[in-house]
Amino acid sequence: MKVDFAKGLSRAFKAQKRLAKLVEKVIKPKARGRRRSKTGQVSRRPLLVEVSAFGSNPGRLVMKTFVPSRRLPKNPALVVVLHGCRQTPESLDFASSFSKLAGDRGFVLLYPEQRIANNSQRCFSWFRPSAVARDRGEVLSIRQMIDEACRRHQIDRSRIFIAGLSAGGAMTAALVANYPTLFAGAAMIAGMPFGSSRDAMSALRAMKSGAREPAGGWRRPVAEVSGDATSWPAITIWHGGKDRTVNPLNAQACVDQWLGVLRIARDAGKEERWAWGELQTWKAPEGKTVSLYSVQDLGHGLPVGTRPLAATGDPFVIPSAISLPLELMRLWRLRKAA
């Protein structure tokens, strides 16, 4: 019997209605050029440019980039951002201000975009083995986008970073598992461990109740695709304590996965308490780290600072006591341009 994934995923996202100021309409595929805030000021959306030719594109995704108008430094960094379900690159970027940070700090932004023709909720297909297999499907499409961005903008290949929210977070895990040496840092936000699902229904169960550890442990799915890789990016895992869409147990599974990959003992980490929640950090002998940001009052979404926000129309970018984009700038050493 075929599963109607769109209907099943819609049921899974009903929990998000509890979030404050949740918009009633699904985010529009095309965003307006500017929007008026409650103060009457007009906020302009940065222009994301679609790139039509970047490879064979087996996943049938869309490539969009933001290149700062000011002169880029020689060999700039590249930041890849993967949106979640019911988001567009434009909605996520406008709400998170990644493009403003790119302009201030001189890096290039890449936004892969899921087509409605592939998934009616705009979810990346992290739960389909064919979409996340090495050099196939959506992971290959995104890899091709990265290569094209590197070619066009003379990117420093030692400074490629990736962050993803929800389905984008799960796809981030798939990209790191398949291409571990490609990235210097990776942030998985409200995501899922790689190899936690093989179809739509198992994905929904894992999201709601927590993914079951596979035989051989969480390291095994990554080891099966990464081969003899010895170099890995720094990993940060982010999850809200009030997430009702992706069970926070999945964040613990993600931690177990990457600790297993880096062969770090669970009890070797250190804990810090902050006003926004708890930070746990583990460090491998060669210096790579795995960090878990448990944001206590956060629902399902990406935390940004508590500064006043314009009416962004994106309910999955949530004001918080910690700003994920700014924290990533610090961790990835993307400093303000002189």
Of the conditions (1) surrounded by fewer than 19 Cβ atoms within 10 Å (Cβ to Cβ); (2) within 17 Å of the chain's Cα centre (by Cα); (3) not hydrophobic (A, V, I, L, M, F, W, C), the single one that Gly313 does not satisfy is (2)
Quick one: what pairs do we get from the range 51-72, first residue surrounded by 12 or more Cβ atoms within 10 Å (Cβ to Cβ), second at pLDDT below 95 and not aliphatic (A, V, I, L, M), C-beta under 6 Å, 6+ apart or different chains? Phe66/Pro46
Pick from the range 118-152 the residues that are acidic (Asp, Glu) and buried (at least 17 other Cβ atoms within 10 Å of the Cβ): which of them is farthest from the chain's Cα centre (by Cα)? Glu148
Output yes when any residue across the range 293-305 is crowded, with 22+ Cβ neighbours inside 10 Å, at pLDDT below 95 and not acidic (Asp, Glu), and no when none is. no
Please state which one of Leu331, Leu259 is modelled with pLDDT of 95 or more, under 27 Å from Ala206 (Cβ atoms) and surrounded by fewer than 22 Cβ atoms within 10 Å (Cβ to Cβ). Leu259
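Determine whether the range 90-106 contains at least one residue that is part of a loop (DSSP other than H, G, I, E, B) and surrounded by 24 or more Cβ atoms within 10 Å (Cβ to Cβ).
So in the range 90-106, the residues part of a loop (DSSP other than H, G, I, E, B) come out as 97, 106.
When the remaining residues are screened for being surrounded by 24 or more Cβ atoms within 10 Å (Cβ to Cβ), the result is none.
No; the residues of the range 90-106 include none that is part of a loop (DSSP other than H, G, I, E, B) and surrounded by 24 or more Cβ atoms within 10 Å (Cβ to Cβ).
Check the range 199-214 and report whether any residue there is farther than 24 Å from Ser52 by Cβ, without any contact (Cβ under 8 Å) to a residue 24 or more places away in the chain, outside any helix (DSSP H, G or I) and open to solvent by 20 Å² or more (accessible area, probe 1.4 Å).
Yes, there is a match, as at least one residue in the range 199-214 is farther than 24 Å from Ser52 by Cβ, without any contact (Cβ under 8 Å) to a residue 24 or more places away in the chain, outside any helix (DSSP H, G or I) and open to solvent by 20 Å² or more (accessible area, probe 1.4 Å).
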With respect to Glu272, determine if the residue is in a strand (DSSP E or B), at pLDDT 95 or above and acidic (Asp, Glu). yes
Just checking, does the range 182-193 include any residue being surrounded by fewer than 24 Cβ atoms within 10 Å (Cβ to Cβ), on the phi > 0 side of the Ramachandran plot and without any contact (Cβ under 8 Å) to a residue 60 or more places away in the chain? no
Would you check if there is a residue in the range 95-115 being out of contact with any helix residue (DSSP H, G or I) (no Cβ under 9 Å at 6 or more places or on another chain) and under 26 Å from Thr245 (Cα atoms)? yes
Among (1) without any contact (Cβ under 8 Å) to a residue 12 or more places away in the chain; (2) within 24 Å of Gly305 (Cα to Cα), the one test that Glu286 misses: (2)
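The values are calculated or read from the model by the stated rules, or taken from the named source; none is laboratory data. Only a predicted model underlies this, so the values are computations on that prediction, with no experimental measurement involved. Virtual Cβ from ideal backbone geometry, glycine too; neighbours counted across all protein chains shown. The accessibility values were calculated without ligands, DNA or RNA, using every heavy atom of the protein model including side chains. Shrake-Rupley method; radii C 1.70, N 1.55, O 1.52, S 1.80 Å.
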